[in-house]
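**Q** I have a structure here, written as structure tokens, and I will follow up with some questions on it.
Quick note: the coordinates plus some simple rules give every number you see, no bench work behind them. Predicted model, so just to flag it, every value in this text is computed and none were measured. Counting neighbours? That spans all protein chains shown, and the Cβs are built from the backbone with ideal geometry, glycine included.
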Amino acid sequence: MNNIVIKILIFIFALLIIFIVTGVVRKMVYFLSLISTARNLYFKGEYTEALKLYDRIIEIDSRNPDAYLDRSSLLIDMKRPEEALESADMSIKFYPTSAYAYFNRSAALLDLKNYQEALDSATRAIELNPEIPLAYSNQSAALLHFRRFDEALTAIEKSISLDSKSMQAWNNKCSALIGMKRFEEALSAIDKSISLNSKNCQTHNNRAVCLLNLKRVDEAFASIDKAIQLNPYWGDTYNTKTACLIEKKQYNEAQICSKKAIDLNPDNWISYHNSALVLMKLGKYQESITQSEKALRLNPKAHNVEYNIACAYSILNNPEKSIKHLKSAITNSPELLNLALEDDDFISIKNHPGFKEIISSFRETSG
């Protein structure tokens, strides 16, 4: 009798185990099917539906790092970087050594213009998995912001060695080479980028910058017009076109173009700087100073802007303010000294004791 009871209990226990395992398996299969469906929707570009499904998946399993990782990738593509960052952080919380979560985190932070944290996250992604090409691309993008061009180029070369067909890597290589004033090499890099994707606005803008610095202005115009055609709402392209128009001495058109750049991106100091340069050419010196001061507020390290303020004040016969700004500009960028010595804008103050003092003191320092 006891043996029968034991056998019945064992049978019931076995059925219970089978029931539990079957339920777990069904739940797992269902969960994996949801993830598969969400990914298919994402890859087909049906972002809204995919996001709804990822939210549902997270309701079912709020500790799943892959769900948060996929969700962060989707939100980056949807241009919702704050939410993408939150999802990447949740993925890292449940999987602290996820290289791809740190990669997504760096991408979201780049979109948020938080360059130092973006650099840290991209570097961490590389430490965890040195075979992710776009992690090096993100690292280089952050380094470019800090004007650390040599380091950026090293990161980009690694990215290209892992994936030579990455348009963004070639684009970043061009930007680094422009920063290093290696314009012929930069042009070759950007032409490679265009061969991979001819529909990207930034690549044609960078090509125009290269050509402008190589004094191939007509070709620069063709490239910048192509960039604007591809995206008429990106302020940087109008800054580049303003520079082309200044080179052609078409100052009235340049003024219109610089205003367009400011309207599209009022937080970009270069737009105000270009506007100030145009106004100088048009003889509107006080207006030029106003625009330069706006540029300087946005970027206090733009010492060439302060130099231009000094030029304008000299032309306006205000030696005290001219000398004040010139001294500050040269203190922070000593290479401006030789430019000041040859610059006709300072004719009115070259015999002023303050100007002579700047020249002698910096010559002694450099000597």
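**Q** Lys pairs in the range 127-225, Cα-Cα under 14 Å, at least 8 apart or on separate chains: how many?
**A** 6
**Q** Pairs of lysines 8 or more apart, or on different chains, with alpha carbons under 25 Å: count those in the range 270-367, would you?
**A** Pairs that pass both the separation and distance tests number 25.
**Q** To the nearest 20 Debye, how big is the dipole of the range 65-212 about its Cα centre, given +1 on the beta carbon of each Lys and Arg and -1 on that of each Asp and Glu? Intermediate values should be presented prior to the final figure.
**A** On the way: 17 positive and 19 negative charges, 96 e Å.
Taking the Cα centre of the range 65-212 as origin, the dipole is about 460 debye.
**Q** Per DSSP H run of n ≥ 4, the term is -39500 (n - 2.57); total these for the chain, divide by its residue number, and report the mean residue ellipticity at 222 nm rounded to 500 deg cm²/dmol.
**A** Helix-only estimate at 222 nm: -26000 deg cm²/dmol.
**Q** Could you please rank Met180, Met90, placing first whichever residue has the fewest other Cβ atoms within 10 Å of its Cβ?
**A** Values: Met180 14, Met90 21.
In order of increasing Cβ crowding within 10 Å: Met180, Met90.
**Q** Let me ask something else. May I ask you to compute the full-extension gain from Ile359 to Phe146, defined as 0.36 nm times their residue separation minus their alpha-carbon distance, rounded to one decimal in nm?
**A** Contour length minus Cα-Cα distance gives 73.7 nm.
**Q** For the charge dipole of the chain, defined by +1 on Lys and Arg C-beta atoms and -1 on Asp and Glu C-beta atoms about the Cα centroid, which residue among Ala125, Leu32, Ile323 has the Cα displaced farthest towards the positive pole?
**A** Farthest along the dipole direction, towards plus: Leu32.
**Q** Could you work out the relative contact order of the chain? I mean the mean sequence separation of Cα pairs under 8 Å and 6+ apart, divided by the number of residues, in percent.
**A** In percent, rounded to a whole number, it is 6.
**Q** If you don't mind, another one. Relative contact order for the range 115-185 using alpha-carbon pairs under 8 Å, separation at least 6, rounded to a whole percent?
**A** That works out to 28 percent.
**Q** I want to verify a result. In a Gaussian network model of the chain, Cα cutoff 10 Å, which of these has the top mean-square fluctuation: Tyr307, Tyr100, Tyr136?
**A** Tyr307
**Q** At 30 Å minimum axial length over the Cα atoms and a Kyte-Doolittle cut of 1.0, report the qualifying DSSP H helices in the chain, or say none.
**A** The answer, listed by residue number, is 2-43.
**Q** What's the center-to-center distance, using Cα atoms, between the range 154-173 and the range 243-264 in Å?
**A** Each part's Cα centre sits 32 Å from the other's.
**Q** Mind checking the dipole of the chain: about its Cα centre, +1 per Lys or Arg Cβ, -1 per Asp or Glu Cβ, Debye to the nearest 20?
**A** Charge dipole of the chain: 400 debye, to the nearest 20.
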